[in-house]
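The structure appears below as structure tokens.
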Amino acid sequence: MNLNLIAYTFFLAITIYIIVVVGQICYRNGNTYVLSLVPGHKDLCTRINRILLTGYYLVNLGYTATTLAQWERIESVGSFVELLAARTGFIIVLLAVLHYCNLFIITRFVKKLIH
């Protein structure tokens, strides 16, 4: 039995779930944040928030899919769990880094673009 196919299935299910849930949370709460940066431009804030969500999904889902090609062959259940935990953990850290980068960029540059 090929443990890689099982690991791919688990990995994709876990990471896609995490990416979608985090994306929806950031989208719901992000509009309020962007609106506080650019008061009086509700339509623009909604568009910025949608663009951020689209970019977020494209980057994270694309990266998740491309990492599958780099996996080594899994020979045991122990290496299965270890690899799954390491790859999933890396995706979670990547999500956090991208989130803070987006906050920094929005906070720093959106007001300059509006004025």
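The values are calculated or read from the model by the stated rules, or taken from the named source; none is laboratory data. Owing to the predicted nature of the structure, the values given are computational and were not obtained by experimental measurement. Here Cβ is always computed from backbone atoms with ideal geometry, including for glycine, and neighbour counts include all displayed protein chains. Accessible surface areas use protein heavy atoms only, side chains included; no ligands, DNA or RNA. Shrake-Rupley method; radii C 1.70, N 1.55, O 1.52, S 1.80 Å.
Return the residues of region 82-102 that are open to solvent by less than 50 Å² (accessible area, probe 1.4 Å) and either under 30 Å from residue 33 (Cα atoms) or without any contact (Cβ under 8 Å) to a residue 40 or more places away in the chain (or both); say none if nothing qualifies.
Matches in region 82-102: 88, 89, 91, 94, 95, 96.
Restricting to helices (runs of 4 or more DSSP H) lying wholly in the chain: which have 1 or more residues that are acidic (Asp, Glu)?
42-67, 77-114
Filter region 64-81 down to the residues that are closer than 19 Å to residue 16 by Cβ and open to solvent by 80 Å² or more (accessible area, probe 1.4 Å) and list them by number.
66, 69, 70
I'm checking my understanding of the structure. Among residues of region 37-55 that are among the β-branched types (Val, Ile, Thr) and in contact (Cβ under 8 Å) with a residue 24 or more places away in the chain, which one is nearest to residue 112 (Cα to Cα)?
Result: 38.
Within region 21-47, take every residue that is among the β-branched types (Val, Ile, Thr) and in contact with a helix residue (DSSP H, G or I) (Cβ under 8 Å, 6 or more places away or on another chain) and give me the one that is most open to solvent (accessible area, probe 1.4 Å).
Here the answer is 22.
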